[in-house]
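Let me begin by presenting the structure, written as structure tokens, before commenting on it.
What follows draws every value from the coordinates through simple rules; no lab data is involved. Since the structure is predicted, the reported quantities are computational estimates derived from the model, not experimental observations. Positions of Cβ are generated from backbone atoms using ideal geometry, with glycine treated the same way; all protein chains shown enter the neighbour counts.
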Amino acid sequence: MHITTPKIAEKAGVSVGSLYQYFENKEEIIQELLHRKSENLGLALKQMVVTQEQLSIQEIIPLSIQFGFDVMRAESGLFIEVLKHWYGYKH
């Protein structure tokens, strides 16, 4: 799957024109997706660790890794697809 603006709009449930009201180009959309996904991932991981405070670091590490893989597989693999094409986007 190649990331296109229409696919992003479809996943977001908006029209392509609506996306361009807020973003100049696909690269800006990708940047924002990665930023939001990173923030959400960090907050969720922190929450998971806080609720598992009785566990040792040796127990938390595999849970954290599994958590990361589960998050990447979520949303029909959109995050993995974004990461696969990361090198092609402006940083």
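Is the shape of region 20-59 best called rounded, prolate or oblate, per the rule: a/c under 1.5 gives rounded, else a/b larger than b/c gives prolate, else oblate, with a ≥ b ≥ c the square roots of the Cα gyration tensor eigenvalues? Show your work: numbers first, answer last.
On the way: a/c = 9.24, a/b = 4.12, b/c = 2.24.
Note, shape of region 20-59 comes out prolate.
Can you compute the FRET efficiency between Phe23 and Lys84 using 1/(1 + (r/R0)^6), with r the Cβ-Cβ distance and R0 = 22 Å? Round to the nearest 0.05.
On the way: r = 21 Å, r/R0 = 0.94.
The pair Phe23/Lys84 has a calculated efficiency of 0.60.
Calculated FRET efficiency, Thr4 and Val71, Cβ-Cβ r, R0 25 Å, to nearest 0.05? Please list the in-between numbers first.
Values: r = 23 Å, r/R0 = 0.91.
Computed FRET efficiency for Thr4 and Val71: 0.65.
Evaluate E = 1/(1 + (r/R0)^6) for Ala12 and Val49, where r is the Cβ-Cβ distance and R0 equals 25 Å; express this FRET efficiency to the nearest 0.05.
0.25
Let me know the shape class of region 3-82, please: from the alpha-carbon gyration tensor, a ≥ b ≥ c as square roots of the eigenvalues, rounded when a/c is under 1.5, otherwise prolate if a/b is greater than b/c, or oblate.
Since a/c reaches 1.5 and a/b is larger than b/c, the shape of region 3-82 is classed as prolate.
Expressed in nm to one decimal, what extension gain is obtained for the pair Ser64 and Leu34 from 0.36 nm per residue of sequence separation less their Cα-Cα distance?
Length gained between Ser64 and Leu34: 8.9 nm.
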